[in-house]
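Have a look at the structure below, then the notes.
The values are calculated or read from the model by the stated rules, or taken from the named source; none is laboratory data. Quantities reported herein were computed from a predicted structural model and do not represent experimental measurements. For neighbour counting, all protein chains shown are included, and Cβ atoms are generated from backbone atoms with ideal geometry for every residue, glycine included.
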Amino acid sequence: MAASRWTSEYLIALGSNQRHHRHGDPRQVIEAALEALAEAGIKVERASRIITSRPLGPSRRAYANAAAVVLFEGAPPELLEVLQHIEAAFGRRRRGQAWSARVLDLDIVLWSGGAWAAPGLVVPHVRFRTRDFVLRPAAQIAGDWRDPLTGLTLRQLSARIRRS
């Protein structure tokens, strides 16, 4: 029996803090990743400006970050699989230290279906409410989207974190 198909909106966070041999510096990696999403059959509706942020954890390299609202025909685990293939094509390896330098990081932050929880994937992203480098670009393009758990908009969440 075939899985049911539906088109949903997703908010994706993009990050890079390593140069790529073909695409260039982290900002160019983000631009190339947006093109790779489209090539993979993910319709990019809106993309934020690319911002620079300080790294978390042991990495010392600044990050280029952005957010995109995309349309995808499928459930969150199916989108995650496509995103992980794109990351791998950019040289991402899933082994190693958390928060280390990486060419490309793609995360599902929110989706139009509300909350999702399954082994290996939780939507909304568990830590997005505390990350300015996710909320600031997300609020640019989807400021009225609501966190299904708190009921707050991305604009409200971004304002709260920037005040603290």
Would you tally the residues in the stretch 1-40 being at pLDDT 95 or above and either in a loop (DSSP other than H, G, I, E, B) or at positive phi (or both)?
-> 1
Can you tell me which residue within the stretch 28-80, out of those that are buried (at least 19 other Cβ atoms within 10 Å of the Cβ) and hydroxyl-bearing (Ser, Thr, Tyr), is farthest from Arg136 (Cα to Cα)?
-> Tyr63
Scope the stretch 101-129; condition touching a helix residue (DSSP H, G or I) at 6+ places or on another chain (Cβ under 7 Å) and farther than 29 Å from His23 by Cα; matching residues | Trp116, Ala118, Val123, Arg129
Filtering the stretch 101-122 down to residues that are closer than 11 Å to Tyr10 by Cβ and in a loop (DSSP other than H, G, I, E, B), which residue is farthest from the chain's Cα centre (by Cα)?
-> Gly113
So Ile141, is it part of a helix (DSSP H, G or I), of a type in the set (Val, Ile, Thr) and over 16 Å from Ala68 (Cα atoms) | no
Across the stretch 106-164, the tally of residues that are surrounded by 15 or more Cβ atoms within 10 Å (Cβ to Cβ), within 19 Å of Arg49 (Cα to Cα) and among the charged types (D, E, K, R) stands at 5
Would you mind stating whether Val70 is among the aliphatic types (A, V, I, L, M), modelled with pLDDT of 95 or more and assigned to a helix (DSSP H, G or I)?
-> no
